[in-house]
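Engineer: Okay, here's the structure, questions in a sec.
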Amino acid sequence: MGDAPTADRSVKPPLILGIETSCDETSAALVEGDGRILGHVIHSQDLHAVYGGVVPELAARAHLRRLDEVVDEALRQSGRTLDEVEALAVTAGPGLIGALLVGVSWAKAVAYSLGRPLIPIHHMEAHLFAPSLEDPDAEPPFVALLVSGGHTLLLHAAAWGEYSLLGQTRDDAAGEAFDKVAKLLDLSYPGGPAIQALAEMGDPDKYRLPRPMLRRNQKAGDPDFYDFSFSGLKTATANLVGDLEEKGSLEEERQHVAASFQDAAVDVLASKTLRAVEELRCRRVLLGGGVSANRRLKGEIGMRLGQDGQLFVASPRLSMDNGAMVARAALFRLSRGEVGSFDVSADANLPFPNMVPRSRPA
Ligand code: KG4
Ligand code: ZN
């Protein structure tokens, strides 16, 4: 693969402790300056499953209970001590405010007491860095599709820290749609993996579900050319489930409903990503966020990209929320001297850093 041409590799390799508590994963990682993961613990809170979704107050309390032991275990794996950590990185937003505050307060207190810099990280930018932890070639330029439980973003990264926004969801996030449809089908939370497993037994052509905001006659420059909408697809799926229930045939049709829904969601995500690939003439694509673990999504985008394209996706463990991607993003921010002050706070709606709307010639 050769040398990874990042500016941040030229500085003395620091040891970063990355903390992630934005939703329902409590995670900590020790990452070295070359991106090597020395210790990494991801604790997924299973207490939400019975509620069919994340309960914010319970998530915050569970982070508080677990964070110390998650960090201790990551340090133990790394063979290093907290004293050797040269900077603390923490997800400052976006996410659930109570959950974020646990990680931010913890990192702030420890950074202050150790006299080390504190680096606040944007959760979705961290997802952008995840594939580079495993593949040194996963560097910009690339078209990135970031798909999680809270966000759906299509962007172009010309370089690290140089992002232009192409499109985003106007209502539900892609992961949210998977989770809601899973609930309709009585599947467990999180819904994405459950839908994927059920869909693999079904026929995706059995039901034709709508592809919101995807029409053949759209042109580059149209306001909805790159945007997404998933709430209509969720409603159409809910109506289909209602009809089948009425007919008494839902039980034997569930896998076909899951497959048809997944097919519609993947078709929209893949089509819009490929539009960007064609328009920007950039055949390098990065997928990030929890939904990027979806096999059908990876397969479809890989197939449409073809042999001359490159697709970067983290392994499922690094696609989900984790501390290693937070530390990796911090290595970049640190290389630019961007450290936070101790009055930094969690922000549930933190804007994506260095993101500009795409300018196009008039
Ligand atoms: O990035 P992530 O771990 O947390 C957030 O930042 O939200 O993403 C979680 C989302 C959930 O909606 C979950 O259902 C979805 O990612 N997800 C999947 C798959 N694995 C996780 N969606 C579709 N297929 C999957 N295999
Ligand atoms: Zn995430």
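The values are calculated or read from the model by the stated rules, or taken from the named source; none is laboratory data. Keep in mind the model is a prediction, meaning the values are calculated, not measured. Cβ coordinates were reconstructed from backbone atoms using ideal geometry, including for glycine residues, and neighbour counts include every protein chain displayed. These area figures cover heavy atoms from the full protein model, side chains too; ligands, DNA and RNA do not enter into them. Shrake-Rupley method; radii C 1.70, N 1.55, O 1.52, S 1.80 Å.
Engineer: So, of the residues in region 123-149 that are within 13 Å of Tyr163 (Cβ to Cβ) and assigned to a loop (DSSP other than H, G, I, E, B), which turns out to be nearest to ligand 1 (Cβ to nearest atom)?
Structural biologist: Pro140
Engineer: Something else: Which of the residues belonging to region 314-336 are within 15 Å of ligand 2 (Cβ to nearest atom), assigned to a helix (DSSP H, G or I) and of a type in the set (D, E, K, R)?
Structural biologist: Arg317, Arg328
Engineer: Taking region 267-287, which residues are closer than 24 Å to Ala126 by Cβ, in contact with a helix residue (DSSP H, G or I) (Cβ under 9 Å, 6 or more places away or on another chain) and open to solvent by less than 10 Å² (accessible area, probe 1.4 Å)? Walk me through how you get there before you give the answer.
Structural biologist: Here is the first cut: in region 267-287, the ones closer than 24 Å to Ala126 by Cβ are 269-270, 272-273, 276-277, 280, 282, 284-287.
Keeping just the survivors that are in contact with a helix residue (DSSP H, G or I) (Cβ under 9 Å, 6 or more places away or on another chain) gives 269-270, 273, 277, 282, 284-287.
Residues satisfying the conditions are Leu269, Ala270, Thr273, Val277, Val285, Leu286, Leu287.
Engineer: Another question about this same structure. Of everything in region 285-311, what is part of a helix (DSSP H, G or I), out of contact with any Ser or Thr (no Cβ under 8 Å at 6 or more places or on another chain) and touching a residue at least 60 places away in the same chain (Cβ under 8 Å)? Give them in sequence order.
Structural biologist: Arg295, Arg296, Leu297
Engineer: Taking the condition of being more than 8 Å from ligand 1 (Cβ to nearest atom), of a type outside the set (A, V, I, L, M, F, W, C) and at pLDDT 95 or above, how many residues in region 171-192 meet it?
Structural biologist: Count: 5.
Engineer: Among (1) in contact with a Lys or Arg (Cβ under 6 Å, 6 or more places away or on another chain); (2) under 26 Å from Leu250 (Cβ atoms), where does Ile195 come up short?
Structural biologist: Condition (1) is where Ile195 drops out.
Engineer: Let me ask something else. So the check is Cβ under 8 Å with 6+ separation or different chains; which pairs have a first residue in region 321-332 that's surrounded by fewer than 24 Cβ atoms within 10 Å (Cβ to Cβ) and a second one that's at pLDDT below 95 and part of a loop (DSSP other than H, G, I, E, B)?
Structural biologist: Listed by first residue and then by second, the contacts come to Phe332/Thr6.
Engineer: Still on this model: Mind counting the residues in region 155-188 that are of a type outside the set (Phe, Trp, Tyr) and open to solvent by less than 20 Å² (accessible area, probe 1.4 Å)? Reasoning before the result, please.
Structural biologist: As a first pass, look at region 155-188 and keep what is of a type outside the set (Phe, Trp, Tyr): 155-159, 161-162, 164-177, 179-188.
Remaining after also requiring open to solvent by less than 20 Å² (accessible area, probe 1.4 Å): 155, 157, 161, 167, 172-175, 177, 181-182, 185.
Matching residues across region 155-188 total 12.
Engineer: Still on this model: Being open to solvent by 40 Å² or more (accessible area, probe 1.4 Å), part of a helix (DSSP H, G or I) and more than 15 Å from Ser148 (Cβ to Cβ) is the filter here; which residues of region 189-202 pass it?
Structural biologist: Within region 189-202, the subset open to solvent by 40 Å² or more (accessible area, probe 1.4 Å) is 189-190, 193, 197, 200-201.
Among the residues that remain, those that are also part of a helix (DSSP H, G or I) are: 193, 197.
Selection gives Ala197 alone.
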